[in-house]
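The values are calculated or read from the model by the stated rules, or taken from the named source; none is laboratory data. Just so it is clear, the structure is predicted and the values come from calculations on it, not from any experiment. Cβ placement follows ideal geometry from the backbone for every residue including glycine, while neighbour counts extend to all protein chains displayed.
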Amino acid sequence: MSVINRFKTLETFQPQAAKMILNGILNNRVSHAYIFEGPKGTHKLATALLFAQRLLCTNPQDDHEPCGVCSNCIRIEHNTHPNVFLVKADGEQIKKDQIKNLILEFSRMSVENGPRIYIIDEAERMNQDASNTLLKQMEEPLSDIYAVLLTTNSNALLKTIVSRAQLIHFKPIARHLIKETLLEEGVSPLASHVIPEYTNNIDEAKKIAQSKDLMSILEMVIELYSLSGKKNESMVIRFKEVSDKILSNTATMDFFLTLMILFQKDLLNYKLRHLNQIVYVSEMTEIERIANNVSQKSIQSILEKMLALKTRLRYNINYALAFDLIIAQLERGMH
């Protein structure tokens, strides 16, 4: 999970959400229940924890930020504060007993002073009994108890639950912000440019950057294209040498093929002089070499075949044969 420990940081990624939450705090109109709705990797959980920090902080700053250094702030950051409850699915669902146990905690004397905040992650996974149990709690909210439900789809929640909460939308994070975040965390410029084109989930982007296997696939794409047009080198032979790793599961196949598509698009964009749209910026010399020796028609033809294969990946096909064919077509088309 990405750490968002200041509203100022949150404003960069989710300006509307930051404004709505902070306005409620500043105007003393904090809702007893919020629903944070948005795609995965949009800082919903991090924002819920920031909200909890601000409510429990013993030394809020003049700019209304939590201090980040008091005992409460530190324990919330480390998920050890007794007044902050995080509920996650038990298996495939969030079950009735999980919500009942949560409500039971609220009936007891609090271990520490201050508000209590419960966060339900992937709230759309509550089963019917759990949802009905939570609804009863929300219909008669206890003082100083705040709910934050995180979901990718508020329509999957009971309408009566949604009606009792303030709905805040979280938007997909812009690619350039994901790129900047990766660069700040020491990810190579090449990977920082390419990964945001594959996913706009910032948490997934970081996991990809930390995966040696996936980063080796990125390097393999670069290597394969570097063999393009060279008489004594073979893209087909080199691919066969590493294909076991690439074809091990549909996720790695999709990642590899997407990265190939991005490089192929870069060749086309170079031909069309759309240089500002090139993703593999660090490979510009290689892109120029290949593009200058291949026709636009050939580049487009291979690109269309790659896109067609990407669509077929969801079906039960002979993956090894399909990838061997696309690499062979790529090699022929690049000569």
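A few notes on this one:
- Enumeration of residues in region 263-281 that are free of Cβ contacts under 8 Å to residues at least 24 places away in the same chain and not polar (S, T, N, Q): Asp266, Tyr270, Arg273, His274, Leu275, Ile278
- Qualifying positions in region 280-335 - in a helix (DSSP H, G or I), basic (Lys, Arg) and within 18 Å of Ala251 (Cα to Cα): Lys310, Arg312
- When residues of region 175-198 are limited to those that are part of a loop (DSSP other than H, G, I, E, B) and at pLDDT 95 or above, the one farthest from Ile327 (Cα to Cα): Gly186
- Identity of the residue in region 130-144, under 14 Å from Ile120 (Cα atoms) and modelled with pLDDT of 90 or more, that ends up surrounded by the fewest Cβ atoms within 10 Å (Cβ to Cβ): Leu135
- For Arg29, the criteria (1) in contact (Cβ under 8 Å) with a residue 24 or more places away in the chain; (2) in a loop (DSSP other than H, G, I, E, B) hold in every case but one, which is (1).
- Subset of region 146-176 [touching a helix residue (DSSP H, G or I) at 6+ places or on another chain (Cβ under 6 Å) and among the β-branched types (Val, Ile, Thr)]: Val148, Thr151, Thr160, Ile161, Val162, Ile168, Ile173
- Scan of region 21-45 for residues that are of a type outside the set (Val, Ile, Thr) and closer than 19 Å to Leu157 by Cβ, ordered by number: Ser31, His32, Ala33, Tyr34, Phe36, Glu37, Gly38, Pro39, Lys40, Lys44, Leu45
- Candidates Glu77, Glu37, Glu65 - the one that is of a type in the set (Asp, Glu), modelled with pLDDT of 95 or more and surrounded by 14 or more Cβ atoms within 10 Å (Cβ to Cβ): Glu37
- Top-ranked residue of region 1-26 - restricted to ones that are free of Cβ contacts under 8 Å to residues at least 12 places away in the same chain and charged (D, E, K, R), ranked as nearest to Ile168 (Cα to Cα): Lys19
- Residue match in region 196-206 (condition: over 30 Å from Ala147 (Cα atoms), in contact with a helix residue (DSSP H, G or I) (Cβ under 6 Å, 6 or more places away or on another chain) and either in contact (Cβ under 8 Å) with a residue 60 or more places away in the chain or in the same structural domain as Thr12 (by TED's automatic domain parsing) (or both)): yes
- Close contacts from region 183-195, counting a first residue that is surrounded by 14 or more Cβ atoms within 10 Å (Cβ to Cβ) and a second that is among the aromatic types (Phe, Trp, Tyr) and not in a helix (DSSP H, G or I), with Cβ to Cβ under 8 Å and a gap of 6+ residues or different chains, come to Leu190/Tyr280; His193/Tyr280; Val194/Tyr280.
- Region 46-75, residues that are touching an Asp or Glu at 6+ places or on another chain (Cβ under 8 Å) and charged (D, E, K, R): Arg54
- Taking region 211-246 as the range and being under 25 Å from the mean Cα position of the chain (by Cα) and not in a helix (DSSP H, G or I) as the test, only Ser211 passes.
- Selection within region 266-279 - closer than 16 Å to Leu218 by Cα and part of a helix (DSSP H, G or I): Asp266
- For Phe263, the conditions (1) more than 25 Å from the chain's Cα centre (by Cα); (2) within 18 Å of Ser192 (Cα to Cα); (3) not small (Gly, Ala, Ser) are fulfilled apart from (1).
- For region 106-123, the condition of being at pLDDT 95 or above and either outside the structural domain of Arg54 (by TED's automatic domain parsing) or assigned to a helix (DSSP H, G or I) (or both) holds for at least one residue.
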